[in-house]
Amino acid sequence: MSEQIMKINNVDICTESFGNSKDPAILLIMGAMSSQDWWDEDFCLRLADQGRFVIRYDHRDLGRSTTYEPGTSNYTITDLADDAAGVLDAYHIDQAHIVGMSMGGLTGQILALRYPARVLTLTLIASSVFGTEMEKLPPMDQNILDYHAKSASIDWSDRDAVIPYLAGGWKTLAGSKPFEQERMYKLAASEADRANHLPSRFNHALLQGGEEYYDRMNEIRVPVLIIHGTEDPALPYEHGLALKKAIPHSELVTLNGTGHEIHSEDWNQIIDSVVKHSS
């Protein structure tokens, strides 16, 4: 493991790698408002043990990457795709297997369209179609929005208040599998301790752009793996089915009882599927 700050597209991006750099590369792209910590370190190590060079990183406004004043919009989702390509450049990687979670999956779709020569395969976990078709699909559960509406009352300097809030956010995303409170608190503590400025994470709610890539999923030519939980309250299972329909050559792996999460009970299935897909 080696964490480092890299200058990419004139901003600082914090990255960390696992495994042998000579192995096939997998770039993990996390979702909105979620630092690289939520790609669990043990998950990354297990993936690396399968003969993959695994890279995770903090998006802008998260972790140790560049942050902006809360309530401002300084970049687009296309810029985030360019950041992902920049991470590959920084590691001198010409081509990689891309694994995106939620918004990271949307970013991965743009990456595959914008830099087709750089992407070997694409895996979309708990994600959705990028474009106007998303508006026709079931919306996010209101409980998630209500939970984060309370963030204005959080004292971000109080670690004992911040960690339960961050961990509790994942509880609103859980399916019917047992909520992993101890693990979520551990990851929340890691995020809280690493972050340059936690309130900046909400700038992701203002994220726009990428219109030139709307509804072009059928142009993605690389092999695509879709992994989606049947009890996802943020992007319900219908979003995964819509992706499967929009990308005709894709494969769908269904996680029964799983929410908008990478539950440890699913690690074996997810890792096995990703390794097979990237072989």
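The values are calculated or read from the model by the stated rules, or taken from the named source; none is laboratory data. The shown structure was predicted, so the numbers you read here are calculated from the model rather than taken from an experiment. All Cβ positions, glycine included, derive from the backbone under ideal geometry; neighbour counts span all protein chains shown. These accessible areas exclude ligands, DNA and RNA; they are computed on the full protein's heavy atoms, side chains included. Shrake-Rupley method; radii C 1.70, N 1.55, O 1.52, S 1.80 Å.
Things worth noting here:
- Chymotrypsin sites (Phe, Trp or Tyr not before Pro) restricted to segment 172-279 and DSSP loop, no more than 14 other C-beta within 10 Å: Tyr214
- Normalised per residue, the accessible area of segment 135-193 is 60 Å², obtained with a 1.4 Å probe and no contribution from ligands, DNA or RNA.
- Rel. contact order, % - alpha carbon contacts under 8 angstrom, at least six apart, segment 197-279: 29 percent
- Annotation: lysines with alpha-carbon distance below 17 angstrom to Lys150 (same-chain offsets under eight excluded): Lys171.
- Cα gyration tensor of segment 1-83 - equivalent ellipsoid semi-axes, whole Å, descending: 25, 12, 11
- One chain, two ends: Asp193 and Ala90. Fully extended at 0.36 nm per residue, the span grows by 34.6 nm beyond their Cα-Cα distance.
- Accessible surface of segment 53-150 [probe 1.4 Å, protein heavy atoms]: carbon and sulfur percent: 51 percent
- Relative contact order (%) - criterion: Cα under 8 Å, at least six apart; region: segment 104-186: 21 percent
- Ser264 paired with Thr72, simple spin-label distance in nm, labels 7 Å along Cα-to-beta-carbon: 3.9 nm
- Here the Karplus curve 6.51 cos²θ - 1.76 cosθ + 1.60, taken at θ = phi - 60°, turns the phi angles of segment 17-27 into couplings of 10, 9, x, 8, 5, 7, 7, x, 8, 10, 9 Hz, with x standing for Gly and Pro.
- Cα-Cα separations in segment 89-208 greater than 17 Å, expressed as whole percent: 69 percent
- Fully extending the segment from Lys7 to Leu241 would add 80.5 nm, taking 0.36 nm per residue of separation and subtracting the current Cα-Cα distance.
- Counted without the sites themselves, the longest stretch of the chain free of trypsin sites (Lys or Arg not before Pro) in a DSSP loop having at most 13 other beta carbon atoms within 10 Å is 23-220.
- Over the chain, Cα pairs under 8 Å with separation of 6+ residues give a relative contact order of 21 percent.
- Backbone amide hydrogens, once placed in the peptide plane, bring Ile8 within less than 5 Å of Ile13, excluding anything fewer than 5 places away on its chain.
- Structure-derived volume of the Cα convex hull per residue in Å³ - corresponding label in [x] 140; [y] 114; [z] 178: [y]
- Residue pairs exceeding 27 angstrom between C-alpha atoms, taken from Lys177/Lys276; Lys22/Lys177; Lys136/Lys244; Lys7/Lys244; Lys245/Lys276: Lys22/Lys177; Lys7/Lys244.
- Environment charge of Tyr213, counting only residues whose C-beta is closer than 12 Å and scoring Lys/Arg +1, Asp/Glu -1: -2
- Convex hull of Cα atoms in segment 35-137, direction-averaged projection (nm²): 7.6 nm²
- DSSP beta bridge pairing in the chain, given as percent antiparallel to the nearest 5: 35 percent
- Linear extension gain, Glu251 paired with Asp42, 0.36 nm per residue minus alpha-carbon span: 72.7 nm
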